[in-house]
Amino acid sequence: VQLQASGGGLVEPGGSLRLSCVASGIVFSTYDMAWYRQAPGKQRELVAGVTSAGRTSLTDSVKGRFTISRDNAGNTVYLQMNSLKPDDTAVYYCNAKFHPNLPGYWGQGTLVTVSS
């Protein structure tokens, strides 16, 4: 199983980025997908999720700014991030879970730095 995340980089406050995570080795359409992030010195936190049925959820701090979506034909989950803030600076990881009670699979992470 591989989850290949990409799209991170350096962006100024107020800017946008789109993260992508391509999955292989799983039946992608049957997995719940999520994006987590871990800022320096902090615990990893759930940012956004999309279930196999397409239901989405966002943590409060990113509502109205981030959007999660999935493309089952392309085995890809996206995180569109707008109006970025310095507090969004973190390594972003994608996660694939077949069942909520299982740890699932992790990608390698992509660094997002929001700074002027």
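The values are calculated or read from the model by the stated rules, or taken from the named source; none is laboratory data. What you see is a predicted model, and the numbers here were worked out from it, not measured in a lab. Virtual Cβ from ideal backbone geometry, glycine too; neighbours counted across all protein chains shown. Ligands, DNA and RNA are stripped out before the accessible areas are found, and what is left, the full protein with its side chains, is counted by its heavy atoms. Shrake-Rupley method; radii C 1.70, N 1.55, O 1.52, S 1.80 Å.
Brief remarks follow.
- Heavy-atom accessible surface of the chain, averaged per residue, reaches 53 Å², computed with a 1.4 Å probe.
- Top positive-direction residue, dipole computed over the chain with Cβ charges, set 16, 30, 94: 30
- Region 2-109 - percent of accessible surface contributed by carbon and sulfur, probe 1.4 Å: 49 percent
- P(r) tail fraction, the chain - alpha-carbon pairs more than 20 Å apart, %: 34 percent
- Computed label-point distance, nm, for sites residue 27 and residue 52 using a 7 Å Cα→Cβ extension: 0.7 nm
- Electrostatic dipole magnitude of region 22-116 [Cβ: Lys, Arg +1; Asp, Glu -1; Cα centre; debye, to 20]: 80 debye
- Protection proxy ranking of 65-74, 19-28 - average other beta-carbon atoms within 10 Å, highest first: 19-28, 65-74
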